[in-house]
């Protein structure tokens with residue numbers, strides 16, 4: 001069982017839990033700065049603006065998170081001193097420069113009445129239990145916007161290799177054999193040996209839609225799994241939804 005509250009109204013300090021949930025999803029994308037998820041959690045725990053976040057809590061532990069803003073106010077604010085403290089001077093400084101642009105950039109000409117849902121994530125042990133669905137439902141009930149946009153964050157998935165599988169299928173049509181390294185080799189071969197482009201293709205394979213198993217609405221995908229739809233970034237920007245990949249992930 002879990003409950004959803006606004007982060008600044010929780011009965012305990014949720015920053016550590018937010019950092020850990022963030023690290024579970026983002027460590028693979030922040031590998032340049034550190035491959036240690038605990039170090040990533042500690043480095044980024046400071047950045048969350050609590051009155052913009054909602055957290056799912058179970059036994060005084062954060063098991064899920066999501067932010068909602070008006071598109072003008074940021075949901076996170078990076079402190080380069082904190083980043084350098086945990087990541088070292090060089091990598092901490094780099095993170096402060098490059099990630100600030102990525103994480104804190106406001107919408108261009110944000111529309112009134114539009115809310116931005118960001119940083120949606122669930123602790124791995126709670127995935128497939130409807131945590132993300134309940135977080136989104138709470139945001140819809142407690143915020144005043146008429147339209148909501150879900151910003152690109154990290155995929156709400158049960159397994160860390162989902163983008164590799166999706167990119168491989170979308171680009172080559174080949175079967176995934178549950179090896180990230182082999183999938184990367186196959187994509188690289190397909191792209192005439194361009195490994196940098198292959199890695200970029202994997203990063204640009206986006207989770208378009210994820211449907212959790214949820215008893216309240218009668219969804220049960222295999223063994224309490226998750227139905228996921230992926231799309232390449234260039235197809236999303238072009239509005240080409242004919243080229244998508246659907247996958248069923250289960251524990």
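The values are calculated or read from the model by the stated rules, or taken from the named source; none is laboratory data. What you see is a predicted model, and the numbers here were worked out from it, not measured in a lab. Every residue, glycine as well, gets a Cβ built from its backbone with ideal geometry; the counts of neighbours run over all protein chains shown.
Consider region 152-174 and keep the residues that are out of contact with any helix residue (DSSP H, G or I) (no Cβ under 8 Å at 6 or more places or on another chain) and either surrounded by fewer than 14 Cβ atoms within 10 Å (Cβ to Cβ) or part of a helix (DSSP H, G or I) (or both). The one that is modelled with the lowest pLDDT is 152. Scanning region 132-151 for residues that are exposed (fewer than 13 other Cβ atoms within 10 Å of the Cβ), modelled with pLDDT of 90 or more and assigned to a loop (DSSP other than H, G, I, E, B) yields a single hit, 144.
In region 185-201, how many residues are in a helix (DSSP H, G or I), more than 17 Å from residue 245 (Cβ to Cβ) and in contact with a helix residue (DSSP H, G or I) (Cβ under 6 Å, 6 or more places away or on another chain)?
At the first step, the residues of region 185-201 found to be in a helix (DSSP H, G or I) are 185-190, 195-201.
If we keep only those that are more than 17 Å from residue 245 (Cβ to Cβ) as well, we get 185, 188-189, 195-197, 199-200.
Among the residues that remain, those that are also in contact with a helix residue (DSSP H, G or I) (Cβ under 6 Å, 6 or more places away or on another chain) are: 188, 195.
Residues that pass the stated criteria total 2.
Return a yes/no flag: does region 101-109 have any residue that is closer than 20 Å to residue 150 by Cβ and touching a helix residue (DSSP H, G or I) at 6+ places or on another chain (Cβ under 8 Å). Yes, region 101-109 contains at least one residue that is closer than 20 Å to residue 150 by Cβ and touching a helix residue (DSSP H, G or I) at 6+ places or on another chain (Cβ under 8 Å). What about residue 44, is it closer than 16 Å to residue 26 by Cα, assigned to a helix (DSSP H, G or I), modelled with pLDDT of 95 or more and within 15 Å of the chain's Cα centre (by Cα)? Spelling it out, residue 44 is indeed closer than 16 Å to residue 26 by Cα, assigned to a helix (DSSP H, G or I), modelled with pLDDT of 95 or more and within 15 Å of the chain's Cα centre (by Cα).
Scoring residue 54 on the criteria (1) modelled with pLDDT of 95 or more; (2) surrounded by fewer than 22 Cβ atoms within 10 Å (Cβ to Cβ); (3) in contact with a helix residue (DSSP H, G or I) (Cβ under 6 Å, 6 or more places away or on another chain) leaves a single failure, condition (2). Picking from residues in region 80-105 that are over 15 Å from residue 30 (Cβ atoms) and under 21 Å from the mean Cα position of the chain (by Cα), the one that is surrounded by the fewest Cβ atoms within 10 Å (Cβ to Cβ) is 105.
Taken over region 106-125, the residue count meeting the criterion of being under 22 Å from residue 6 (Cβ atoms) and within 15 Å of the chain's Cα centre (by Cα) is 8.
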